[in-house]
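Throughout, read-outs are computed from the coordinates displayed, never taken from laboratory work. Source: prediction; values computed, not measured. Methodologically, a virtual Cβ is constructed for each residue, glycine included, from the backbone with ideal geometry; neighbour enumeration extends over all protein chains shown.
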Number of protein chains: 2
Amino acid sequence: MKAIRQKEAADSISCAACSLVNLCLGKGLDQAELDKLDQIIDKKTQYDNEEYLFHSGETMTAVYAVRSGMVKTLITTEGGAEQITGFHLPGELVGLDGFGDDRHLCNAVALGTTTVCELKVESFDWVCEHIQGIRAQLMRMIGEELNHEQGMLLALGQMKADERLATLLLSLSERYKKRGFSALEFNLPMPRHDLANYLGLAPETLSRIFSKMHEEGILDVSGRDLRILDMPRMRKLAHCSQC
Amino acid sequence: MKAIRQKEAADSISCAACSLVNLCLGKGLDQAELDKLDQIIDKKTQYDNEEYLFHSGETMTAVYAVRSGMVKTLITTEGGAEQITGFHLPGELVGLDGFGDDRHLCNAVALGTTTVCELKVESFDWVCEHIQGIRAQLMRMIGEELNHEQGMLLALGQMKADERLATLLLSLSERYKKRGFSALEFNLPMPRHDLANYLGLAPETLSRIFSKMHEEGILDVSGRDLRILDMPRMRKLAHCSQC
DNA sequence: GCGCGCTCTTGACCTACATCAAGCTTTTTT
DNA sequence: AAAAAAGCTTGATGTAGGTCAAGAGCGCGC
């Protein structure tokens, strides 16, 4: 089957050798701790574009760390409405929502070809008990996730459409930069539709704002390729001097 | 000083004897574990209405479990905009956002006279390492918090004003019920202004929706006292058959 | 190479909600 | 108890952004 073939483990790279180690669960670990983590992690399962890592309602089996590509998480209502709740970059965790009652509330979907490392729930508690460094880093990552979602609540609750987009672009810019990519020039792996949904806007509105930012010389847009031309103005729009 | 007087510890009740134990960190613990938790928790610090538990930017010193009353958390922008990110009922945790970088991102403010139990950060890691039951319950509570925030993203991103209010009222109803209070009749400890802010609406809009729900026989409203008259319709509004 | 189906953009119009403004009710202060 | 200040509701009006509709660009299979 297609799905099964795709999920064959790719060649393993140890956490110690992984370029993302300082953004991921392995941050701050000594060699012995990293070795233990390596033994427990299932590395680099690959997913195609739009392929699901897990669905809402499924029993949680693992926590996922994005290795390459991107993962979006989304929730739905009975009415068929859908809200994208996050875009997850390499080094970020996906699936923590399942801890609430052992079932995932959200769906996780690959955006473009994506590889992830899995930490099985069976191992999770053992790791938390025995590896202090991972426990600490996990709490840090959970805190960041909570902070990020609160920032989105602020965006959706209080900001205008252009401010919301600026907030998202700055967040992506910053996160790409941390990963060694350009903070000013990057590619969006998701369609406008997804961006608009994430920002609580209609795709048409989002498109108009892209155009407006382009006219005003804040942003170069060519399809999904972006270049931020005027960072100060972008920051001003997002009401965020530090980010 | 006033603030200091208020923060004198009230009479201690053990976690084992606390009526909230099955909603709080102590859920599922055996007697020995509960005893340890008791030794570590600082019990029942009291706050007045509008008094801050902590401010944004302050170093995290503890995680707080609401014991009585209510706590709202909110974040602000440079521009002075403010978004309430949560209303926290007895048994719920406040302050997890501080794990991101040891500083709180949000502010936590008492709504009405409120008492909280504190678990100091210095003790936190020890507890997580040595008391499996607390570690498990903590992860459960974190998962619930993440789920709840994702639900709010859905509300703010996709729902109409009346649907957002219905969602909030059902959430409160359910949570009061879990605490042994009526699911249909309860009192809101916060002003309309706060509710509106939380829902991303103007206070005037919120007021109009309360009036409309009243006219339609869905809700009895008298100031901050509410009674849900037509639960099925309320659920329908919230697009949420289970909640 | 050509047609088909996406994705994205732009325009015209409309509506849900914000804003502004006034009065009313409840609480707090003196 | 009176006065002042909050909090809440209701009405009138304005607007940001949604919806509907029509292309335009672009990749893809045949």
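Annotation note: chymotrypsin sites (Phe, Trp or Tyr not before Pro) in the range A:158-243 located in DSSP loop regions with a Cβ neighbour count of at most 16 within 10 Å are A:181.
Taking the Cβ of residue B:163 as the centre, find all other residues whose Cβ is under 13 Å away and add up their charges (Lys, Arg: +1; Asp, Glu: -1). Residues close to residue B:163 contribute a combined charge of +4. Using a 7 Å projection from Cα along Cα-to-Cβ, the label point at residue B:205 is separated from the same position in the remaining copies by 1.0 nm, smallest value first. Overall, the anisotropy analysis places chain A in the prolate class: the square-rooted eigenvalues a ≥ b ≥ c of its C-alpha gyration tensor yield a/c not less than 1.5, with a/b exceeding b/c.
Note on chain B: GNM, Cα springs under 10 Å; of B:21, B:66, B:109, the largest mean-square fluctuation is that of B:21.
Net charge dipole, the protein assembly as shown: roughly 700 debye, given to the nearest 20, about the Cα centre with Cβ charges of +1 for Lys and Arg and -1 for Asp and Glu. Residue by residue along A:74-85, Cβ atoms of other protein chains within 10 Å of the local Cβ number 6 on average. Using C-alpha pairs under 8 Å with a sequence gap of at least 6, the mean separation divided by the residue count of chain B gives a relative contact order of 18 percent. Between the residues A:126, A:24, A:213, the greatest Cα displacement towards the positive end of the dipole of chain A, with unit charges on the Cβ of Lys, Arg, Asp and Glu, is found for A:213. A Gaussian network model of chain A, with springs between Cα atoms under 10 Å, assigns the largest mean-square fluctuation among A:216, A:51, A:118 to A:216. Taken residue by residue and averaged, Cβ atoms of other chains lying within 10 Å of the Cβ of A:198-207 number 1. With the Cα gyration tensor of the protein assembly as shown giving a ≥ b ≥ c as the square roots of its eigenvalues, does the rule (a/c under 1.5 for rounded; else a/b larger than b/c for prolate; else oblate) give rounded, prolate or oblate? Note, shape of the protein assembly as shown comes out oblate.
Once a ≥ b ≥ c are taken as the square roots of the eigenvalues of the Cα gyration tensor of the range B:62-180, is the result rounded (a/c under 1.5), prolate (a/b larger than b/c) or oblate (a/b not larger than b/c)? Cα axes put the range B:62-180 in the prolate bin. When you restrict to C-alpha pairs under 8 Å that are six or more residues apart and normalise by the size of the range B:160-237, the relative contact order lands at 34 percent.
Between identical copies, the spacing of residue B:122 label points, each set 7 Å from Cα toward the C-beta atom, reads 4.0 nm from nearest to farthest. Across the identical copies, the label point of residue B:236 (7 Å from Cα in the Cβ direction) is separated from its matches by 5.0 nm, in order from shortest.
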